[in-house]
């Protein structure tokens, strides 16, 4: 198994355009961030919350492990400090920052 990419994620509230319902570890989604040319791309991933049991509600922030299906491609594009977005389709439901590769 490939190592996770660590990030801090803040879930947007419904008023901010985010989810109405909470999420929990094992959440499968797409992560959006710019490629080497600055164009934002979508990458399939699973999110596991670190040090947080149960459900995470809109408006909350948590540390997370991101497990990408295309790890070897993604790892070449990400950098510590890079801003990322968690999306459901084209709608952003959380924003965050990469903390470790």
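Considering 38, 54, which residue is surrounded by fewer than 17 Cβ atoms within 10 Å (Cβ to Cβ), free of Cβ contacts under 8 Å to residues at least 40 places away in the same chain and touching a strand residue (DSSP E or B) at 6+ places or on another chain (Cβ under 7 Å)?
On the way: 38 fails: touching a strand residue (DSSP E or B) at 6+ places or on another chain (Cβ under 7 Å).
That would be 54, the only listed residue that is surrounded by fewer than 17 Cβ atoms within 10 Å (Cβ to Cβ), free of Cβ contacts under 8 Å to residues at least 40 places away in the same chain and touching a strand residue (DSSP E or B) at 6+ places or on another chain (Cβ under 7 Å).
Mind listing just one residue for me: the one in region 14-27 that is more than 15 Å from the chain's Cα centre (by Cα) and either on the phi < 0 side of the Ramachandran plot or not in a loop (DSSP other than H, G, I, E, B) (or both) and, of those, surrounded by the most Cβ atoms within 10 Å (Cβ to Cβ)?
Within region 14-27, the first condition is being more than 15 Å from the chain's Cα centre (by Cα), and the residues that meet it are 14-17, 20-21.
Narrowing the set further to residues that are either on the phi < 0 side of the Ramachandran plot or not in a loop (DSSP other than H, G, I, E, B) (or both) leaves 14-16, 20-21.
Numbers: 14: 12, 15: 8, 16: 15, 20: 8, 21: 9.
Checked region 14-27; the qualifying residue surrounded by the most Cβ atoms within 10 Å (Cβ to Cβ) is 16.
Could you tell me whether residue 30 is under 15 Å from residue 5 (Cα atoms), in contact with a strand residue (DSSP E or B) (Cβ under 6 Å, 6 or more places away or on another chain), modelled with pLDDT of 95 or more and surrounded by 13 or more Cβ atoms within 10 Å (Cβ to Cβ)? So that I can check it myself, show each step before the final result.
Values: under 15 Å from residue 5 (Cα atoms): yes; in contact with a strand residue (DSSP E or B) (Cβ under 6 Å, 6 or more places away or on another chain): yes; modelled with pLDDT of 95 or more: yes; surrounded by 13 or more Cβ atoms within 10 Å (Cβ to Cβ): yes.
So residue 30 passes the test.
Every residue in region 57-79 that is loosely packed, with under 13 Cβ neighbours inside 10 Å and at pLDDT 95 or above, please.
Within region 57-79, 57, 79 meet the criteria.
The values are calculated or read from the model by the stated rules, or taken from the named source; none is laboratory data. This is a predicted model, so every value here is computed, not measured. Cβ atoms come from the backbone with ideal geometry, glycine included; neighbour counts cover every protein chain shown.
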